[in-house]
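**Q** The structure under discussion is supplied below as structure tokens; questions concerning it will follow.
The values are calculated or read from the model by the stated rules, or taken from the named source; none is laboratory data. Since this is a predicted model, take the numbers as computed values, not measurements. Because the Cβ atoms are built from the backbone with ideal geometry, glycine has one as well, and the counts that use them run over all protein chains shown. Remember, those area values only see protein heavy atoms, side chains included, never the ligands or the DNA or RNA. Shrake-Rupley method; radii C 1.70, N 1.55, O 1.52, S 1.80 Å.
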Amino acid sequence: MPDDDRRTGRQSRSGAPHGRTPRPPHPAGHGYRAGGRRAAAVPPALLSDAGRRRVGEVLMPASVILAGVLLVVAFAFIINRAMRDDRNTAIPPPQPPALGTNPLAPTEQALIPLPSPSTSASPSSPATTAPTSRPPSSKPPAPDRGAVAVDRAGVPGRVDLSAEGDRDWVHWGQDGTFSLERDADGGFKILEGAPTAPRNRHTLSPQRFAWRGGSPVQNSDGTTTGIRTCGKGNGFTLTAPAGRANRTLRVYVGTFAARGRLDARLSTGGATVVSRLEERDDKLATAVFTVTYRSPKDGTLKLSWTTEESFDSDCGGVALQAATLR
């Protein structure tokens, strides 16, 4: 019910109704207002229930939304897993090409061994086949430079020059210092070079040299003659034709109180072959040098027979008697 000044009567000037003690003002809240008029009263219990209803109204929709989100995420995960499994099972493995109408079962890929002489042999005994030819050499063959070999031997008591030298033969000193007797049909295959020093005729050979069909002396039953030089570095030079066929040149020489040196080489190149003969006493030592040679092309065999060392200041040196070519 309203409670105002009209019920109590007039107020005094001081603001209080006549005949009544003024009431204290109502506290703010509980439905009362400070202006003097009373508002609708709301119990505190009702106010507390309303707060709880507001919290429940907020939490309930939030929990529903969270549950829905979790459900959607779980469902999406299940669908994704199922689709991945279906993709793996849906794609069939690659099949090998069919042979005729019967398809072959897929197998692991591997190298297929090719047949070889060793695998085609009997399985009980492995085949061992030797190579039919040597593998080609990686290096080119060395050029052919020919060959020269020299052998020294003693001289027999009698030498038949015409029988030994079927291609050519030569003898020195039969009739004088510069006389030269040779095969009339030899074609001058054996030639002497220019002398390097004065020469002398000698008759000191312990062996005899014979021939027939010679020129300018036609026949000889055997002679001990020859020619010689004196002093270190002096001697004789000879040449003979060379080719691809093997040839043999024999040179009958001697030394007197000296050491003689024989050098043999080809005009087409190659190494020089050296041989020696030495005699320290004042007598003539003799030997025959057999030179076997071959040239890669037409050329010349060159010989030099010189005094390497003289042991007699008077006339130590080398001597030359004869030569034959086969």
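**Q** If you take the residues in segment 289-319 that are buried (at least 20 other Cβ atoms within 10 Å of the Cβ) and over 56 Å from the mean Cα position of the chain (by Cα), which one is nearest to Tyr252 (Cα to Cα)?
**A** The residue in question is Ala319.
**Q** Still on this structure, I have one more. For segment 252-272, how many residues are within 24 Å of Arg326 (Cβ to Cβ), open to solvent by less than 40 Å² (accessible area, probe 1.4 Å) and assigned to a strand (DSSP E or B)?
**A** Residues in segment 252-272 being within 24 Å of Arg326 (Cβ to Cβ), open to solvent by less than 40 Å² (accessible area, probe 1.4 Å) and assigned to a strand (DSSP E or B): 8 in total.
Residues checked against (1) out of contact with any Asp or Glu (no Cβ under 8 Å at 6 or more places or on another chain); (2) at negative phi; (3) among the β-branched types (Val, Ile, Thr):
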residue: Gly260; (1), (2), (3): no, yes, no
residue: Gly269; (1), (2), (3): yes, no, no
residue: Arg294; (1), (2), (3): yes, yes, no
residue: Leu301; (1), (2), (3): yes, yes, no
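**Q** If I go through segment 214-247 residue by residue, how many of them are hydroxyl-bearing (Ser, Thr, Tyr) and assigned to a loop (DSSP other than H, G, I, E, B)?
**A** Of the residues in segment 214-247, 2 are hydroxyl-bearing (Ser, Thr, Tyr) and assigned to a loop (DSSP other than H, G, I, E, B).
**Q** While we're looking at this one, here's another question. Those residues that are part of a loop (DSSP other than H, G, I, E, B) and within 25 Å of Ser313 (Cβ to Cβ), I need them from segment 188-205; list them, please.
**A** Pro195, Thr196, Ala197, Pro198, Thr203, Leu204, Ser205
Quick grid of which residues meet (1) more than 50 Å from the chain's Cα centre (by Cα); (2) part of a strand (DSSP E or B); (3) among the small types (Gly, Ala, Ser):
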| residue | (1), (2), (3) |
| --- | --- |
| Leu249 | no, yes, no |
| Asp281 | yes, yes, no |
| Ala287 | yes, yes, yes |
| Ala323 | yes, yes, yes |
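**Q** hydroxyl-bearing (Ser, Thr, Tyr), within 17 Å of Ser205 (Cα to Cα), open to solvent by less than 40 Å² (accessible area, probe 1.4 Å) and touching a residue at least 60 places away in the same chain (Cβ under 8 Å): does that describe Thr286?
**A** yes
**Q** Are there any pairs with C-beta distances below 7 angstrom linking a residue in segment 162-175 that is part of a strand (DSSP E or B) to a residue that is surrounded by fewer than 18 Cβ atoms within 10 Å (Cβ to Cβ), with the two at least 6 apart or on different chains, and if so which?
**A** Listed by first residue and then by second, the contacts come to Asp168/Gly187; Val170/Leu180; Trp172/Leu180.
**Q** Of the residues that sit in segment 173-223 and are closer than 12 Å to Ser162 by Cβ and among the polar types (S, T, N, Q), which one is surrounded by the most Cβ atoms within 10 Å (Cβ to Cβ)?
**A** Among them, the one singled out is Ser220.
**Q** Within segment 150-161, which residues are surrounded by 13 or more Cβ atoms within 10 Å (Cβ to Cβ) and not in a loop (DSSP other than H, G, I, E, B)? So that I can check it myself, show each step before the final result.
**A** In the first step, residues of segment 150-161 are kept if they are surrounded by 13 or more Cβ atoms within 10 Å (Cβ to Cβ); the result is 150, 152, 155, 159-161.
Scanning segment 150-161 gives Val150, Arg152, Val159, Asp160, Leu161.
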